[in-house]
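Structure first, then comments.
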Amino acid sequence: METTITHTTETISGKEYPLTVTKHKGIQEITVAGKPVLVEAVTIFESPLGTSRARPEASPEARASGQRIIRETATKAMIDLGIW
């Protein structure tokens, strides 16, 4: 795995805060919505205001699968409510 760490600052509402950006490249497992997911890269942003984690854009197949699940869930909810 390749790790790159960058120290910089970010300005929010006119005030500067320290920001650490850590990029991990290489296959790794992270937890998303309570489920393990394999990813190729992760970027972590850490500042006194909080920490966030970003991962690369999902593949077209993964996006299509997610959209299908959303459509099925929405359709079921509308049917259960008598809307459809």
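None of the figures in this text is laboratory data; all of them are computed from the coordinates on show. Keep in mind that this is a model prediction, so the values were computed, not measured. For neighbour counting, all protein chains shown are included, and Cβ atoms are generated from backbone atoms with ideal geometry for every residue, glycine included.
Couple of notes before you dig in:
- Phi angles of segment 2-17 translate, via the Karplus equation with coefficients 6.51, -1.76, 1.60 and θ = phi - 60°, into HN-Hα couplings of 9, 10, 10, 10, 10, 9, 8, 10, 10, 9, 10, 6, x, 10, 8, 10 Hz per residue; Gly and Pro are given as x.
- Only one of (1) 12.7, 44; (2) 26.8, 93; (3) 18.6, 54 was calculated from the structure for Rg and Dmax of the Cα atoms in Å, and its label is (3).
- Calculated FRET efficiency for the pair GLU40/HIS7, C-beta based, R₀ 25 Å, to 0.05: 0.55
- Stretch gain in nm, segment TYR17-MET78, where the contour uses 0.36 nm per residue and the Cα spacing is subtracted: 17.4 nm
- Angle in degrees between helix 60-80 and the longest Cα principal axis of the chain, rounded to the nearest 10: 50
- Only helices enter this figure: runs of n ≥ 4 DSSP H residues, each worth -39500 (n - 2.57), summed and divided by the residues of the chain, yield -8500 deg cm²/dmol at 222 nm to the nearest 500.
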